[in-house]
Amino acid sequence: MKNSALLLGQTLRFTADPFHQPITQAAKHTRNGAVLVENAVIKDIGAADDLRRRHPQAAVTDYGDALITAGFIDAHVHYPQTAIIASWGMRLVDWLNTYTFPEEIRFCDPEYAAKIANRYLDLTAANGTTTFASFCTIHPTSVDALFSAAAKRNQRIVAGKTCMDRNAPEALRDTVQSAYDDSADLLGKWHKNGRAVYAITPRFAPTSSPEQLQALGDLWQKHPDCLMQTHLSEQIEEIKWVNDLFPDARDYLDVYEKFGLLGQRGVYGHAIHLNAREQDRLRETGAALIHCPTSNSFIGSGLFQMGPLMAARHRIGLATDTGGGSSFSMLKTMAAAYEIGQLSGTALHPAQLYWLATAGSARALHLDDKIGNLTVGQEADLVVLDLASTPAISQRHAQAEDFWQALFPTIMMGDDRAIRATWIDGKRVNQHSLT
Ligand code: GUN
Ligand code: ZN
């Protein structure tokens, strides 16, 4: 039997990348729009009157003035850092040692891992995020916990076991062999299991020996359809540390390249302080750079160069980097990307911000054939936004002269109160109780 839902509201979808096509051509807004969801897939989209006529049997949910779009895609997060988000006063390496590593040690306990995985899924769903790419911890239990919890919700996620065999506390170190074997097992178990995607995950160059990086490069070569996620050039001190640890490498990116960890399906978090050679290699490779703006200001890392990198046609996604990032919200993340853009000379248009948080991140994760846009055939992961969710936003919204002016106050000032509904796999997800 067909299971059809007709959602009415304003709709926003993209027919092209608004960084390289005029906004009027790239973004399509429909004032009285509709989306037909059938068996977890978007089956039709258009004007409300037309869809009502074409699908008289569908169960109608009328969202009124609210905006229906693809759900948010957070392209770089650490779900194990949920409980230490907003930890004060440190730069990257001290922040890792002081807050992050002690918390990650706790994920050897499957019950704790399951509790935080579910809490993270609740918090992100409440913020309209339907897919994310997460680092786990070194413990296979932390990976099983997240994929199992996401599978119960039929949620498309990307995740992988974080590998580290040096420069971390003993309880958070694996070995060359166990990193390879555990990653291989987890990949076999989860990659393409339902909606799951596995990412081979060396944390970053300083916490892996050359041998471990090589082993993970070898594993990726054996499984080239997996993603590979890591960190790249986030802070100046980190880059100096990498240069000291790998004196033979030309630069930070070269470390990854030497060990087989540079590729088109590579996803590199931060990528702030890139030299010209690194930028060229990343572009030639088609690798993805993930901008994490709340994290970059929170940890004091620097200003991502969105304007020049987009002009050079890099593949770029957007992310919270929870819990180095200071929010679970992709709205807050778009606001921070706008502010960092302003500080580095590029005022990003609301269409560009929204594209980054949906279709751009989907493209960075090589999932744009499945999610990230309101197009027929895509999986039905949606967010419905109230564009007047607080008194402050509402009074600005009332002055709007066009759709972008109506949306921008929610991008800049919105939070989970703006999320009217989140749909995952064709179903409205009720917020689970927070644990
Ligand atoms: N570099 C290596 N590990 C991490 C992490 O957990 N968070 C951030 N922001 N940067 C990292
Ligand atoms: Zn990170």
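On the given criteria, is L213 more than 15 Å from ligand 1 (Cβ to nearest atom), touching a residue at least 12 places away in the same chain (Cβ under 8 Å) and open to solvent by less than 10 Å² (accessible area, probe 1.4 Å)? No; evaluated as a whole, the condition is false for this residue. Total residues in the range 174-227 satisfying the condition of being hydroxyl-bearing (S, T, Y) and under 21 Å from L367 (Cβ atoms): the figure is 3.
In the range 1-21, of all residues being surrounded by fewer than 18 Cβ atoms within 10 Å (Cβ to Cβ), of a type outside the set (D, E, K, R) and more than 25 Å from the chain's Cα centre (by Cα), the one that is farthest from Q352 (Cα to Cα) corresponds to M1. The helices (runs of 4 or more DSSP H) falling completely within the range 327-435 that include 1 or more residues that are more than 25 Å from V77 (Cα to Cα) and without any contact (Cβ under 8 Å) to a residue 24 or more places away in the chain map to 391-397, 403-413. Residues in the range 267-302 that are assigned to a strand (DSSP E or B) and either touching a Cys at 6+ places or on another chain (Cβ under 7 Å) or of a type in the set (A, V, I, L, M) (or both): V267, G269, H270, A288, L289, I290. When the range 225-237 is filtered for residues that are more than 17 Å from L186 (Cβ to Cβ) and surrounded by fewer than 24 Cβ atoms within 10 Å (Cβ to Cβ), the ones remaining, listed by number, are Q235, I236, E237. When R195 is tested against the conditions (1) open to solvent by less than 10 Å² (accessible area, probe 1.4 Å); (2) away from ligand 1 (no atom under 16 Å from the Cβ), the lone failure is (1). Find the residue count for the range 147-175, including only residues that are open to solvent by 50 Å² or more (accessible area, probe 1.4 Å) and on the phi < 0 side of the Ramachandran plot. Counting residues in the range 147-175 that are open to solvent by 50 Å² or more (accessible area, probe 1.4 Å) and on the phi < 0 side of the Ramachandran plot gives 7.
Being over 19 Å from the mean Cα position of the chain (by Cα), at pLDDT 95 or above and not in a helix (DSSP H, G or I) is not true of A215. Just one of (1) within 16 Å of ligand 1 (Cβ to nearest atom); (2) in contact with a strand residue (DSSP E or B) (Cβ under 7 Å, 6 or more places away or on another chain); (3) of a type in the set (A, V, I, L, M) fails for A83. It is (2). Within the range 126-146, being part of a helix (DSSP H, G or I) and either open to solvent by less than 10 Å² (accessible area, probe 1.4 Å) or within 17 Å of Y198 (Cα to Cα) (or both) holds for P140, T141, S142, V143, D144, A145, L146. State yes or no: is L309 more than 16 Å from ligand 1 (Cβ to nearest atom), closer than 23 Å to L121 by Cβ and part of a helix (DSSP H, G or I)? No; evaluated as a whole, the condition is false for this residue.
One residue alone among I68, I116, I73, I84 is free of Cβ contacts under 8 Å to residues at least 40 places away in the same chain and over 22 Å from D185 (Cα atoms), and that residue is I116. Beta carbons closer than 7 Å, at least 6 apart along the sequence or on distinct chains, pair a first residue in the range 283-299 that is under 11 Å from H76 (Cβ atoms) and open to solvent by less than 10 Å² (accessible area, probe 1.4 Å) with a second that is within 12 Å of ligand 1 (Cβ to nearest atom) and aromatic (F, W, Y) for A288/Y268; L289/Y268; I290/Y268. Of the residues making up the range 37-54, none is within 23 Å of R156 (Cβ to Cβ), within 16 Å of ligand 1 (Cβ to nearest atom) and open to solvent by less than 60 Å² (accessible area, probe 1.4 Å).
Residue by residue, here is whether (1) outside any loop (DSSP other than H, G, I, E, B); (2) away from ligand 2 (no atom under 16 Å from the Cβ) holds:
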{"site": "M228", "(1), (2)": "yes, no"}
{"site": "E238", "(1), (2)": "yes, no"}
{"site": "A249", "(1), (2)": "no, yes"}
{"site": "L253", "(1), (2)": "yes, yes"}
{"site": "E257", "(1), (2)": "yes, yes"}
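With respect to G323, is the statement that it is in contact with a His (Cβ under 8 Å, 6 or more places away or on another chain) and at pLDDT 95 or above true? Criteria met by G323.
For the range 58-80, the set of residues classified as crowded, with 23+ Cβ neighbours inside 10 Å and either modelled with pLDDT under 95 or away from ligand 1 (no atom under 13 Å from the Cβ) (or both) consists of L67, I68, T69, A70, G71, F72, I73, D74, A75, listed by residue number.
Results for (1) part of a loop (DSSP other than H, G, I, E, B); (2) within 16 Å of ligand 2 (Cβ to nearest atom); (3) in contact (Cβ under 8 Å) with a residue 12 or more places away in the chain, shown as yes or no for each residue.
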residue	(1), (2), (3)
Q10	no, no, yes
T24	no, no, no
N32	no, no, yes
T61	no, no, yes
V77	no, yes, yes
F101	no, yes, yes
F107	no, yes, yes
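All conditions but one from (1) within 16 Å of ligand 2 (Cβ to nearest atom); (2) under 18 Å from M164 (Cα atoms) apply to A215; the one that does not is (1). Listed conditions (1) β-branched (V, I, T); (2) over 13 Å from G324 (Cα atoms); (3) touching a Ser or Thr at 6+ places or on another chain (Cβ under 8 Å); (4) open to solvent by 60 Å² or more (accessible area, probe 1.4 Å) are all met by T98, apart from (2).
The values are calculated or read from the model by the stated rules, or taken from the named source; none is laboratory data. Every value quoted in this text rests on a predicted model; they were computed, and no experiment measured them. So basically every Cβ, Gly included, is an ideal-geometry build from the backbone, and we count neighbours across all protein chains shown. All accessible areas refer to the heavy atoms of the entire protein, side chains included, with ligands and DNA or RNA removed. Shrake-Rupley method; radii C 1.70, N 1.55, O 1.52, S 1.80 Å.
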